[in-house]
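Asker: Quick one: the structure is below, and I'll ask about it shortly.
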Amino acid sequence: MKHTIEPLGDQSLFITLGDEIDPDTHESVQAVAARLEKDEWSWLSEIVPSYTGLAVYYDALAFYPEYSSPYEQVAEVLKKVVDTTEPREKSEHRTVEIPVCYGGEFGPDLSVVAGENGLTEEEVIKRHSENEYLVYMLGFAPGFPFLGGMDERIATSRKDSPRTSLPAGSVGIAGSQTGVYPVVSPGGWQLIGRTPFKLFSPDENPPSYVQPGDRVKFYPVSSEEYNRLEGEE
């Protein structure tokens with residue numbers, strides 16, 4: 001794989017594997033992350049995958065006093081790992097179906113998305129729910145999935161002023177991205193609906209309901225169905 005390795009901090013570095021957000025780069029990122037997790041290096045503290053690469057955090061003291069430059073040692077190991085890792089097969093993935101109640105109190109910005117794109121609210125719902133989304137990464141908040149594959153015809157700018165608190169399960173749009181707020185948090189995305197499914201449970205293993213590499217399919221439900229499903233969670 002083509003890549004660059006650069007310092008990120010005093011005990012971290014970043015491996016860049018591409019310069020565009022696309023499925024091929026995603027598969028390379030996930031393949032390297034899986035390889036590092038499997039090898040279980042004693043100096044490895046944490047791996048944080050992103051759209052085009054991954055941050056690697058390490059324990060510099062694990063190299064003391066034999067090596068004066070832990071960064072160079074880690075970079076050398078990681079270069080060998082990347083050079084000998086093949087991208088994952090894109091055909092192998094899990095599809096997760098997530099119910100969403102669109103509009104009304106659950107999606108107060110649905111009309112904003114419709115108006116900005118010259119569509120009806122029903123057209124926005126159809127275009128948002130008919131696509132299958134790739135989970136590129138988790139971040140921002142615990143278990144927050146950044147999803148790729150949204151119809152550009154419903155892309156909408158972020159809110160000028162973020163809300164200070166959003167309900168868990170809120171489904172939003174920001175630019176050409178869509179995602180789900182798994183926990184109560186502030187946020188500036190345009191809210192178009194909400195899911196009754198709990199996407200983040202700290203006591204579960206793994207705690208996140210969806211994982212990078214999964215595919216997500218949203219499907220519309222009524223407010224009555226939302227309440228019924230919420231009661232089962």
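Just so it is clear, none of the values below were taken in a lab; they were calculated from the coordinates. All figures in this text were calculated on a predicted structure; none of them were measured in a lab. Every residue, glycine among them, receives a Cβ derived from its backbone with ideal geometry; neighbour counts consider all protein chains shown.
Asker: Using the basic label-point model (7 angstrom from Cα toward the beta carbon), what is the Glu224 to Asp19 distance in nanometres?
Answerer: 5.5 nm
Asker: Taking the Cα atoms of segment 150-190 alone, what are Rg (to one decimal) and Dmax (as a whole number) in Å?
Answerer: 10.1, 28
Asker: Okay, next question. Taking a cut-off of 20 Å between Cα atoms, list the aspartates and glutamates near Lys38, but don't count ones fewer than 8 places away on the same chain.
Answerer: Glu27, Glu46, Asp59, Glu76, Asp83, Glu86, Glu89, Glu92, Asp214
Asker: I'd like the distance separating the alpha-carbon centroids of segment 13-64 and segment 133-156, in whole Å.
Answerer: Centre-to-centre distance over Cα atoms comes out at 20 Å.
Asker: Moving on to the next point. Among the trypsin sites (Lys or Arg not before Pro) in segment 156-233, which ones are in a DSSP loop with at most 16 other Cβ atoms within 10 Å of the Cβ? Mind listing them? Before the final figure, lay out each step's value.
Answerer: Details: sites: Arg158, Lys159, Arg163, Arg194, Lys198, Arg215, Lys217, Arg228; in loops: Arg158, Lys159, Lys198.
Sites meeting the loop and neighbour criteria: Arg158, Lys159, Lys198.
Asker: Please compute the Kirkwood hydrodynamic radius over segment 163-233, one decimal place, Å, based on all pairs of different Cα atoms.
Answerer: Working: mean 1/r = 0.0760 Å⁻¹.
Hydrodynamic radius (Kirkwood, Cα pairs) of segment 163-233 is 13.2 Å.
Asker: For segment 1-106, state which trypsin sites (Lys or Arg not before Pro) are in a DSSP loop and have at most 12 other beta carbons lying within 10 Å of their beta carbon.
Answerer: Numbers: sites: Lys2, Arg35, Lys38, Lys79, Lys80, Arg88, Lys90, Arg94; in loops: Lys2, Arg88, Lys90, Arg94.
Sparse-neighbourhood loop trypsin sites (Lys or Arg not before Pro): Lys2, Lys90, Arg94.
Asker: Compute the long axis of helix 70-83 from its Cα atoms, compare it with the longest principal axis of the Cα atoms of the chain, and write down the angle in degrees, 0 to 90, nearest 10.
Answerer: With rounding to tens, the tilt is 70 degrees.
Asker: Show me the GluC sites (Glu not before Pro) within segment 1-49 that DSSP assigns to loop and that have at most 14 other Cβ atoms within 10 Å of their Cβ. Mind dumping the intermediate values first?
Answerer: Numbers: sites: Glu20, Glu27, Glu37, Glu40, Glu46; in loops: Glu20, Glu40.
Passing both the DSSP loop test and the Cβ count: Glu20, Glu40.
Asker: Inverting the mean 1/r over all pairs of different Cα atoms, compute the Kirkwood radius of segment 1-128 and quote it in Å.
Answerer: 17.6 Å
Asker: Can you give the Kirkwood hydrodynamic radius for segment 110-190, in Å, rounded to one decimal and based on Cα pairs? Please list the in-between numbers first.
Answerer: Values: mean 1/r = 0.0776 Å⁻¹.
So the Kirkwood estimate lands at 12.9 Å.
Asker: About its Cα centre, what dipole magnitude does the chain give when the only charges are +1 on Lys and Arg Cβ and -1 on Asp and Glu Cβ, stated in debye to the nearest 20? Before the final figure, lay out each step's value.
Answerer: Working: 19 positive and 39 negative charges, 56 e Å.
Taking the Cα centre of the chain as origin, the dipole is about 260 debye.
Asker: Moving to a separate point now. Suppose R0 equals 41 Å. What FRET efficiency, 1/(1 + (r/R0)^6) with r the Cβ-Cβ distance, do Ala155 and Ser201 give to the nearest 0.05?
Answerer: Values: r = 31 Å, r/R0 = 0.76.
So the FRET efficiency works out to roughly 0.85.
Asker: Here is a further query. Starting from the Cα gyration tensor of segment 55-205, multiply each eigenvalue by 5, take the square root, and state the resulting semi-axes largest first in whole Å.
Answerer: On the way: eigenvalues 294, 67, 47 Å².
So the equivalent ellipsoid measures 38, 18, 15 Å along its semi-axes.
Asker: Give me the tail of P(r) for segment 1-73 as a percent: Cα-Cα pairs with distance above 16 Å. All intermediate terms of the calculation are to be shown ahead of the outcome.
Answerer: On the way: 1303 of 2628 pairs.
Of all Cα-Cα pairs in segment 1-73, 50 percent lie more than 16 Å apart.
Asker: Within the chain, what percent of beta bridges assigned by DSSP are antiparallel, to the nearest 5? Present the calculation step by step, with values, prior to reporting the outcome.
Answerer: On the way: 39 of 45 bridges.
Of those bridges, close to 85 percent are antiparallel.
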